Structures are given as structure tokens and as C-alpha cells.
1. Please give the contour-minus-distance gain from Ser46 to Glu151: 0.36 nm per residue of separation, less the Cα-Cα distance, rounded to one decimal in nm.
2. Near Lys11, which lysines are there with a Cα under 22 Å away, not counting those fewer than 8 places off in the same chain?
3. At a threshold of 8 angstrom on Cα-Cα distance, excluding pairs fewer than six apart, so keeping six or more, what relative contact order does the chain reach in percent?
4. Would you mind ranking Trp128, Trp169 so that the residue whose beta carbon has the fewest other beta carbons within 10 Å leads the list?
5. Helix hunt in the chain: which complete DSSP H runs extend at least 30 Å axially by C-alpha with mean Kyte-Doolittle at least -1.0?
6. Could you work out, for region 18-107, what percent of all Cα-Cα pairs fall into each 10 Å distance bin, beginning at 0 Å and stopping at the bin that holds the largest distance?
7. If you place +1 on the Cβ of every Lys and Arg and -1 on the Cβ of every Asp and Glu, how big does the dipole about the Cα centre of region 1-54 come out, in debye to the nearest 20?
8. Given charges of +1 on the Cβ of Lys and Arg and -1 on the Cβ of Asp and Glu, with all other atoms neutral, how large is the dipole of the chain about its Cα centre, in debye to the nearest 20?
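Quick note: the coordinates plus some simple rules give every number you see, no bench work behind them. The model shown is predicted, which means the values in this text are computed figures rather than measured ones. As a convention, Cβ positions derive from the backbone with ideal geometry for all residues, glycine included, and neighbour counts pool all protein chains shown.
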Amino acid sequence: MGIAERKEREKQQRRNAIIDAAERLIFEKGYENTTMDMVAEEAELSKGTLYLYFKSKEGLYLAINARGMKILEQMFRDAAREVTTGLEKIVNIGKAYFKFSQEFHNYFQAMIHYEAKKPDTDMELPCWDSCETQGMRTLEVVARAVETGIEDGSIRADVDPMQVAMALWGHTTGLIQVLALKVNQLEKFNDVTLEDIINTSFKMTRNGLAG
């Protein structure tokens with residue numbers, strides 16, 4: 001390994017260590033209660049070195065979000081491989097998203113933070129671009145499942161795969177958020193369970209897309 005390659009590897013290792021430190025703090029204390037000073041101390045770096053890698057706490061949180069999105073992408077790919085038809089792939093991917101929101105709740109919250117805003121400064125644009133790229137990779141898994149369904153006849157042919165992927169993403173993300181806030185009231189006053197609502201969502205997806 002040459003000097004340039006070794007330096008690049010060391011740089012990436014340090015960047016990952018910084019993200020690890022920020023992740024530990026934010027997941028434990030919350031985004032608002034975490035400061036760049038705290039991250040520098042946790043990572044055992046000077047503030048000057050920290051700012052060479054990340055210009056703001058927002059940029060760090062975006063990097064954490066990109067990690068979560070990568071996990072979600074893999075969960076989507078695994079879910080799609082478990083079944084055959086495109087329509088079943090879509091339903092299985094939806095189940096994987098609900099599972100992700102429960103098993104990786106902190107990453108899901110980072111995703112919601114990312115979805116709700118734009119970068120405050122140009123300094124955050126590289127991290128923002130990384131999130132955009134990873135988000136598109138994740139959506140492409142869904143779009144490909146729709147394409148498979150159109151090809152095998154399980155999904156109607158008059159839909160645009162990427163538009164469907166984006167619509168399902170928005171629907172499922174919103175539903176997860178509402179259920180997290182309102183599930184107790186729904187169960188108490190409407191005599192429905194969390195499972196009932198999720199199954200209804202999947203039924204609507206099937207009925208709306210079935211070929």
C-alpha cells in the first residue's frame with residue numbers, strides 16, 4: 001500500500017470514528033443536547049481536527065442518517081429476495097420498513113430529521129449529497145420491485161415505478177410517525193390494534209397496485 005492510499009484509509013477511519021462518537025452521544029442524549037465540543041471530547045480529538053471533517057452538528061447528523069439509510073437499503077433488498085412476484089416484494093419491503101422503524105428507531109428519527117429540512121449552509125452540502133445518493137439507492141430497490149411486478153403481471157402496467165416508490169415511501173413514513181404518536185388513542189377509542197392498521201395499509205397497497 002502506497003503512502004497516499006494509507007493516508008486516505010486513515011482519514012476514512014478517523015471520519016468513521018467521529019461519526020461513531022456523534023452517534024453514541026446523539027442516540028443517548030438527543031440531537032439538541034449534543035454539541036460539537038462533546039463530540040470532539042468523545043472522539044478524543046481537538047475541535048480543530050473535528051472541524052476538518054465536519055463543519056457542523058447538522059453535517060454529522062446527516063452522516064448518521066446516511067448510515068441508517070444504508071441499513072434500510074439492505075433490509076429492503078433482503079425482503080425483496082424472500083418472495084417471487086413484484087407485488088409480494090412491495091408488501092415485504094413495506095414490512096421491512098416497519099421493522100426498521102422499530103429495531104433502528106434512532107436511525108429512523110435521523111431520517112425524519114433529514115426529510116423535514118434542507119441544509120442550512122453550503123458547508124453541509126457534501127453530507128447532504130451523500131444522503132440524497134443513499135436515499136435514491138434505497139428508493140430504487142422499491143422501484144425495481146414495481147418493475148418486476150409489471151413484468152410478471154402482479155402489478156398493473158399503467159404506473160410509473162419511481163413515482164410509486166416515492167408515493168409508498170411517503171405513505172409509509174407518515175403512517176409510522178402517526179402510529180408512534182397515536183396508537184394508544186386509536187386502540188382505546190376506535191377498538192383497533194397496531195397490527196390492524198398495518199394490515200389495512202398493506203391491503204390498500206395490494207388493491208391499488210394489483211394487475
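1. Contour length minus the Cα-Cα distance gives 32.3 nm.
2. Lys47, Lys55, Lys57, Lys70
3. It comes to 20 percent, rounded to a whole number.
4. Trp169, Trp128
5. Taking the DSSP H segments of the chain (at least 30 Å long, mean hydropathy at least -1.0), we get 57-81, 125-152, 161-190.
6. Result, from short to long distances: 17, 37, 22, 16, 7, 0 percent.
7. 300
8. Result for the chain is approximately 200 debye, rounded to the nearest 20.
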